[in-house]
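Everything on this sheet refers to the single structure shown next.
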Amino acid sequence: MQVINQALAGQKSYYQLRAKEYDQWWYRQGRYDRGSNANAIWFEEAHQVKIALSQFSLEGHILELAPGTGIWTETLTEKAISITAVDASPEMISINQAKVRSAKVQYLVADLFEWEPAQSYDAVFFSFWLSHVPRERLDTFLHKVNACLRPGGKLFFLDGLRQETSTANDHQLPLEDSQIMSRKLNDGQSFSIIKVFYSADELQKAFEAAGLLIMIHQTPTYFYYGLGLKPESISQ
Ligand SMILES: C[S@@+](CC[C@H](N)C(=O)[O-])C[C@H]1O[C@@H](n2cnc3c(N)ncnc32)[C@H](O)[C@@H]1O
């Protein structure tokens, strides 16, 4: 447990320091450039996920967990009335704010394992966050997602399949039975963080146990994503 807690603390520091170089990963630059073929597949599959998100139509008051630099916050503003964006890193939030520049977005700096929602939302979104939630905390986290949603509220999440070229060329994926991954910054500093490659089957069961309906899809190489719903309560 101590190893997990240390990795949870390590990943907060890692993302604070990585904030200014973070987008290189999504845009396949520097150490994340895996050659034109792999990059083209990445961008094509990211586009497929964007279409799926657009068709699922998250609207109203949206909660975005761990928004980072705003790669998805910007997209979410198109249909939102408001967005509450909660991230532990002030550095990530200030980049997000400068990029998105929308009065619809309210930012909160908080640790998602401690933060409790003050209201319920029409929709919850999280991208590349679930894989940073250790198995020991998955049930508690998903019950929190349930508590964040109004009955009938929607959720959408996105994360990465176990694929070597999804990460930097000097990173190694964790062993199959490990949830700890070593990550480096551009300057070579290294950190131990949580990285879990959940199977669709275990996620399906965990979302259901938390009272959420979920349909999990995957793109051919890089991504998996979930379309979810908090059922309306059944009136007697
Ligand atoms: C992989 S990034 C995902 C960012 C964004 N959602 C995306 O898809 O590009 C993970 C994010 O989680 C945040 N984070 C890490 N630990 C956290 C914690 N305990 N509570 C809240 N946010 C955390 C980091 O600051 C970072 O912005």
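We did not get these values from a lab; they are worked out from the coordinates using the rules stated. What you see is a predicted model; the values in this text were computed from it and never measured. Virtual Cβ from ideal backbone geometry, glycine too; neighbours counted across all protein chains shown.
Answer yes or no as to whether Leu53 is part of a helix (DSSP H, G or I), in contact (Cβ under 8 Å) with a residue 60 or more places away in the chain, away from the ligand (no atom under 11 Å from the Cβ) and not charged (D, E, K, R).
Against the criterion (part of a helix (DSSP H, G or I), in contact (Cβ under 8 Å) with a residue 60 or more places away in the chain, away from the ligand (no atom under 11 Å from the Cβ) and not charged (D, E, K, R)), Leu53 qualifies.
More than 20 Å from Gln218 (Cβ to Cβ) and within 13 Å of the ligand (Cβ to nearest atom) - does that describe any residue in the range 32-41?
For the range 32-41, residues more than 20 Å from Gln218 (Cβ to Cβ) and within 13 Å of the ligand (Cβ to nearest atom): present.
Restricting attention to the range 29-38, does a residue exist that is in a loop (DSSP other than H, G, I, E, B) and buried (at least 17 other Cβ atoms within 10 Å of the Cβ)?
yes
Just to be sure I understand, how many residues within the range 86-124 are touching an Asp or Glu at 6+ places or on another chain (Cβ under 9 Å), within 15 Å of the ligand (Cβ to nearest atom) and among the charged types (D, E, K, R)?
Adding up the residues that qualify gives 2.
Scan the range 56-85 residue by residue and report those that are surrounded by fewer than 20 Cβ atoms within 10 Å (Cβ to Cβ) and part of a strand (DSSP E or B).
Gly60, His61, Ile81, Ser82
Taking the options Gly153, Gly228, name whichever one is of a type in the set (Gly, Ala, Ser), surrounded by 19 or more Cβ atoms within 10 Å (Cβ to Cβ) and touching an Asp or Glu at 6+ places or on another chain (Cβ under 8 Å).
On inspection, the qualifying residue turns out to be Gly153.
Kindly establish whether Gly152 is among the small types (Gly, Ala, Ser) and closer than 26 Å to Gln48 by Cβ.
no
Which one is nearest to Ala206 (Cα to Cα) among residues in the range 95-135 that are loosely packed, with under 14 Cβ neighbours inside 10 Å and of a type in the set (D, E, K, R)?
Arg135
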